[in-house]
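The values are calculated or read from the model by the stated rules, or taken from the named source; none is laboratory data. The structure presented is a predicted model; accordingly, all values stated were derived computationally and were not measured. Please note: Cβ atoms are built from the backbone with ideal geometry, for glycine as well, and neighbour counts cover all protein chains shown. The accessibility values were calculated without ligands, DNA or RNA, using every heavy atom of the protein model including side chains. Shrake-Rupley method; radii C 1.70, N 1.55, O 1.52, S 1.80 Å.
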Amino acid sequence: MIKSFVAVLLDSDSDLPTARAAADVLRKLDISTEVKLLSAHRTPDIIRNYILDAEKRGVVAFISCAGMAAHLAGIVASLTIKPVIGVPVSVGSLNGMDSLLSTVQMPSGTPVATVAIGEAGARNAGYLAAQIIALGDKELANRLKMERRANTEEVLAKDAALQQQLTG
Ligand code: RP5
């Protein structure tokens with residue numbers, strides 16, 4: 001049986017801290033994850049073969065992390081109809097604004113679901129991929145719901161502590 005997995009792609013090894021934030025969320029949720037370095041501008045020929053092979057091996061979604069002229073997510077999206085989530089990396093003199101616009105402004109018919117710049121966005125890319133998988137996986141859906149509940153409890157506890165500080 002083919003084992004399904006999420007591919008976390010990075011355009012440069014300098015994108016690793018961002019890519020790791022997405023992979024950490026997926027692993028914490030027990031989702032099989034593959035991390036792969038592929039460069040839009042430096043390894044264009046290798047990308048097509050990797051995507052075709054990943055599809056044969058059971059990839060369910062791609063998360064693509066890239067900075068500056070961030071074209072990796074768009075190229076991946078042009079080669080597959082699996083969901084592609086783009087993470088703009090915060091790098092260079094524009095602090096990721098260039099990455100954000102390069103990732104999000106896709107032509108009609110070839111979407112990239114683009115999340116926020118940097119590691120916060122990468123974590124949400126992990127959760128978004130998990131939510132896509134959870135459409136067909138009740139156990140994972142329950143794990144995600146439990147995490148949401150834990151987040152709610154955490155805020156309530158922090159508010160209770162805050163109220164005590166303010167009144168105590
Ligand atoms: C992009 O340019 C990468 O995604 C990276 O965020 C940025 C800098 O790349 P390196 O010069 O560190 O390889 O290609």
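For a 22 Å ceiling on Cα separation, which of these pairs sit above it: 36/138; 28/158; 36/82?
In this structure, 36/138; 28/158 lie more than 22 Å apart at Cα.
For the stretch 88-168, what are the per-bin percents of Cα-Cα distances with bins 10 Å wide, up to the bin holding the maximum?
Pair shares across the bins are 16, 27, 27, 23, 7, 1.
For the chain, what is the accessible area per residue in Å² when the probe is 1.4 Å?
Accessible area per residue, the chain: 58 Å².
Roughly to the nearest percent, how much of the accessible area of the stretch 54-168 is carbon and sulfur, given a 1.4 Å probe?
Summing carbon and sulfur atoms, their accessible area is 58 percent of the total for the stretch 54-168.
What FRET efficiency comes out for the pair residue 28/residue 93, r = Cβ-Cβ distance, R0 = 35 Å, nearest 0.05?
Calculated value: 0.55.
Dipole of the stretch 1-147 (Lys/Arg Cβ +1, Asp/Glu Cβ -1, origin at the Cα centre): which of 111, 66, 39 lies farthest to the positive side?
111
Return the whole-Å distance between the Cα centroid of the stretch 48-104 and the Cα centroid of the stretch 1-25.
Answer, in whole Å: 11.
Just how many % of Cα pairs in the chain lie over 23 Å apart, if you round to the nearest whole percent?
Taking all Cα-Cα pairs of the chain, the fraction more than 23 Å apart is 41 percent.
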